[in-house]
Amino acid sequence: MRAGSVLDVAVPGGTIAVEQAGEGIPIVLLHGWAVDRRIWAPQVEMLADRFHLIALDRRGFGGSTAPPGLAKEIGDLFAILARLEIEQAFIVGMSQGGRVALRFAATHPKRVRGLVLQGAPLDGFAPGPRGEDAIPIHLYRALVREGHIARMKEMWRNHPLMRVAAPAARSHLDSLLADYDGRDLLRPGPDAATPLADSLAEVTAQALVVTGEHDMFWRQLVGDALAYGLRHARRTRVPGADHLCNLTHAEAFNALLTEFVTSTGGAADQRQ
């Protein structure tokens, strides 16, 4: 990742590590599960000359000390924008980070200039994932709690959602997973998620819903549902890509992100 300034933002229970690069329109980047902000390296390296990129380690991951808890991440994001004196930002959420991005857009619509959901799940969407589309999180949690985190990470690395062909991207992903410490799986219990599938129309932000062309079947279904249910959404797929399209097909993903930001009233920087 291109060198940028890093600060720790105080939130309930600890801090959130936030890295910034570039100037201009603010774009917040929320990573998925079992990785950290470095998953956005291709975006920071290629787009920092155009935008103000804000990549953070979500609570429970990377360099953040705040204990894990999806429900608290809405407040974390609000605190980060306040600390950086940003009135509105584009919020980009990949995979699990998309859950946070969508909930933030529903809770704080005036703080969201645009919403990008990449391979995101949707709480309350039915049918749920099954077969290889599903993540055996209960098994992963049991392995970590029994002290077998290496086995858990091996299984997760071989899950279809983590499919990466290019050697450089694969090496980068392996380094991120090597640093994952399983803090979120050691919590007393999983997060209880309020269903959002029936309330998507309440989200007013312009949205871009992205999946890789070869992402998992359930993620494709969810992407279609998000684009249908959100009031102002575009649906697109990255040709030839799997789930981690921002990493493996960075140029195509960055082009989609750039076009969305610049065409969604993004001409002026609204930092205060």
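Quick notes
- Over all distinct Cα-Cα pairs of the chain, the Kirkwood formula returns a hydrodynamic radius of 18.5 Å.
- Shape of the range 126-166, Cα gyration tensor, a/c cut at 1.5: oblate
- Cα extents for the range 114-211 along the principal axes, largest to smallest and rounded to whole angstrom: 42, 36, 25.
- Helix-only CD estimate at 222 nm, as mean residue ellipticity for the chain, using -39500 (n - 2.57) per DSSP H run (n ≥ 4): -10000 deg cm²/dmol
- Across the alpha-carbon atoms of the range 57-125, the computed radius of gyration and Dmax are 11.7, 35 angstrom.
- Taking all protein chains together and rolling a 1.4 Å probe, Glu202 ends up with roughly 130 Å² accessible.
- Rounded if a/c under 1.5, otherwise prolate or oblate - the range 1-82, Cα gyration tensor axes: prolate
- Cα shape, the range 144-260, gyration tensor, a/c 1.5 rule: oblate
- Placing +1 on the Cβ of every Lys and Arg and -1 on the Cβ of every Asp and Glu, with nothing else charged, gives the chain a dipole about its Cα centre of roughly 320 debye.
- Projected-area average for the range 1-146 over all orientations - Cα convex hull basis, square nanometres: 9.4
- If the segment from Glu251 to Thr194 were pulled out straight at 0.36 nm per residue, it would be longer than the present Cα-Cα gap by 17.0 nm.
The values are calculated or read from the model by the stated rules, or taken from the named source; none is laboratory data. Keep in mind the model is a prediction, meaning the values are calculated, not measured. Virtual Cβ from ideal backbone geometry, glycine too; neighbours counted across all protein chains shown. What goes into the accessible areas is simple: the full protein's heavy atoms, side chains included, and nothing from ligands, DNA or RNA. Shrake-Rupley method; radii C 1.70, N 1.55, O 1.52, S 1.80 Å.
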